[in-house]
Amino acid sequence: MPRTLEQASKTVDYPTILSYADLTDDYNPIHVDRDFAAKTEMNGLIAHGTMSLNLIWQALSRTLGNDVVSRVTLDIRFVRPVRENDTVTGGGVEREGEPGTFDVWVRNHLGDAVIVGTARERIK
């Protein structure tokens, strides 16, 4: 039976976005300046993509443990921006007949995929 990853969630409010900007030293105005972001084709702030990507790593770590996660490679696509005040959840499910290969995702609170991809465990 395929394993399901234990999900990890985060509400992406403005203080969280600013904290992530501080952590990564990434102050791109699309992430931190509401007036600037409102005038772009994004029509408002969007969170740093890697903030949401971290939820996949958390789900993998919670389920497989840190030793296994150190041998995992990710192949992902960002498919939709994460907006201020979205709640996003990362998770995944192991492919039937492909042990150690997981279809992974991050979805917003509406159920829309924001990141999709594959996680593969490299065998020692």
Which pairs have Cβ atoms under 9 Å, sit 6 or more apart or on different chains, and link a residue in region 1-28 that is touching a residue at least 60 places away in the same chain (Cβ under 8 Å) and exposed (fewer than 13 other Cβ atoms within 10 Å of the Cβ) to one that is among the hydroxyl-bearing types (Ser, Thr, Tyr) and not in a helix (DSSP H, G or I)? Thr11/Thr87
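Met42: within 17 Å of Phe102 (Cβ to Cβ) and outside any helix (DSSP H, G or I), yes or no?
Working: within 17 Å of Phe102 (Cβ to Cβ): no; outside any helix (DSSP H, G or I): yes.
For Met42, the condition - within 17 Å of Phe102 (Cβ to Cβ) and outside any helix (DSSP H, G or I) - is not met.
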When the residues of region 105-114 are filtered to those that are in a strand (DSSP E or B) and either among the polar types (S, T, N, Q) or free of Cβ contacts under 8 Å to residues at least 60 places away in the same chain (or both), which remaining residue is surrounded by the most Cβ atoms within 10 Å (Cβ to Cβ)? Val106
Condition check: surrounded by fewer than 21 Cβ atoms within 10 Å (Cβ to Cβ), in contact with a Ser or Thr (Cβ under 7 Å, 6 or more places away or on another chain), without any contact (Cβ under 8 Å) to a residue 40 or more places away in the chain and among the hydrophobic types (A, V, I, L, M, F, W, C). Does Val69 satisfy that? yes
Taking into account only those residues within region 65-104 that are among the hydroxyl-bearing types (Ser, Thr, Tyr) and outside any loop (DSSP other than H, G, I, E, B), which is farthest from Met1 (Cα to Cα)? Thr87
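Determine which member of the set Ala38, Ala47 is open to solvent by less than 70 Å² (accessible area, probe 1.4 Å) and touching a Gly at 6+ places or on another chain (Cβ under 9 Å).
Answer to the selection: Ala38.
The values are calculated or read from the model by the stated rules, or taken from the named source; none is laboratory data. Keep in mind it's a predicted model, so treat the numbers as computed, not measured. Note: ideal-geometry Cβ built from the backbone for every residue, glycine included; neighbour counts use all protein chains shown. To get the accessible areas, we keep the full protein, side chains included, count just its heavy atoms, and leave off ligands, DNA and RNA. Shrake-Rupley method; radii C 1.70, N 1.55, O 1.52, S 1.80 Å.
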